[in-house]
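Quick note: the coordinates plus some simple rules give every number you see, no bench work behind them. Values in this document were obtained by computation on a predicted structure and should not be read as measured data. Here the Cβ is made from the backbone with ideal geometry for all residues, glycine too, and neighbour counts use every protein chain on show.
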Amino acid sequence: MAKRLKLNIGDIFTIPLSEKEVGFGQIVQMPDKYTLIIVVYNYKTFQAEKYDIEKAVDSEILFLGYTNDAKLYHKDWKIVGNLLNNISRILLPCFKLGLPSADYPDGARLVDFKGNVLANIDKKTFDKLHFQTEVGPIRFENALKAHFNLHEWIAEDYDKILYQKTLESVEIAAEILNN
């Protein structure tokens with residue numbers, strides 16, 4: 001029987017961009033044993049035996065989202081280190097849950113990245129937020145390639161994993177929770 005891949009929060013991995021270059025991602029949360037929350041950084045370098053992972057995690061975060069371990073398990077993405085000192089600075093998303101309805105006014109809720117209900121929300125707020133979704137790891141890889149102009153940018157696929165969307169959801173949640 002194959003040995004299960006042991007993944008940890010803080011694991012940093014390479015994402016192949018071409019035969020010569022790689023980008024970097026990091027596991028920032030593991031909500032359950034099958035789901036990872038990862039970030040992908042605005043940093044690329046030539047493939048090497050050893051990488052400056054500090055430089056990678058000091059880069060701007062481009063993408064954040066829920067995914068699975070398929071690319072790590074099959075070693076398409078290679079774990080090259082582990083850092084935890086930056087994890088607390090990474091903001092995690094909030095989402096909408098349910099549907100607003102005149103028949104069920106408490107039907108729409110704001111939830112955190114673990115699915116914990118934070119507040120009831122109105123339709124206006126509901127329309128600003130996104131539902132929690134999980135995408136395949138290839139979407140992150142292709143989005144990073146598109147960011148570096150190696151692929152075409154497909155807005156309907158890549159916009160939803162932009163870290164900017166996470167920051168917007170955190171701002172909306174802060175407004176609700178501080179009122």
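With respect to the conditions (1) surrounded by fewer than 15 Cβ atoms within 10 Å (Cβ to Cβ); (2) closer than 20 Å to residue 165 by Cβ; (3) not basic (Lys, Arg), residue 94 falls short on a single one, namely (1). Please tell me if residue 27 is buried (at least 21 other Cβ atoms within 10 Å of the Cβ) and either among the polar types (S, T, N, Q) or free of Cβ contacts under 8 Å to residues at least 40 places away in the same chain (or both). It is true that residue 27 is buried (at least 21 other Cβ atoms within 10 Å of the Cβ) and either among the polar types (S, T, N, Q) or free of Cβ contacts under 8 Å to residues at least 40 places away in the same chain (or both).
If you go through region 69-81 and keep only what is under 13 Å from residue 25 (Cβ atoms) and either surrounded by fewer than 14 Cβ atoms within 10 Å (Cβ to Cβ) or not β-branched (Val, Ile, Thr) (or both), you end up with 69, 71, 72, 76, 77, 78, 81. For region 155-163, state whether one or more residues are in a strand (DSSP E or B), over 20 Å from residue 37 (Cα atoms) and out of contact with any Phe, Trp or Tyr (no Cβ under 8 Å at 6 or more places or on another chain). No. For region 43-61, filtered to residues that are surrounded by fewer than 22 Cβ atoms within 10 Å (Cβ to Cβ) and either among the aliphatic types (A, V, I, L, M) or touching a His at 6+ places or on another chain (Cβ under 8 Å) (or both), the residue that is farthest from residue 10 (Cα to Cα) is 48. Please verify whether region 156-166 includes one or more residues that are loosely packed, with under 15 Cβ neighbours inside 10 Å and aromatic (Phe, Trp, Tyr). No, region 156-166 contains no residue that is loosely packed, with under 15 Cβ neighbours inside 10 Å and aromatic (Phe, Trp, Tyr). Restricting attention to region 142-162, the residues that are of a type in the set (Val, Ile, Thr) and more than 17 Å from residue 132 (Cβ to Cβ) add up to 1. The strands (runs of 3 or more DSSP E) found wholly in region 33-146 and carrying at least 3 residues that are polar (S, T, N, Q) and under 30 Å from residue 20 (Cα atoms) occupy 35-46. Taken over region 114-136, the criterion of being surrounded by 12 or more Cβ atoms within 10 Å (Cβ to Cβ), under 27 Å from residue 70 (Cα atoms) and of a type in the set (A, V, I, L, M, F, W, C) is satisfied by 135 alone. Taking only region 101-160 into account, find how many residues are at positive phi and free of Cβ contacts under 8 Å to residues at least 12 places away in the same chain. Residues meeting the conditions: 1.
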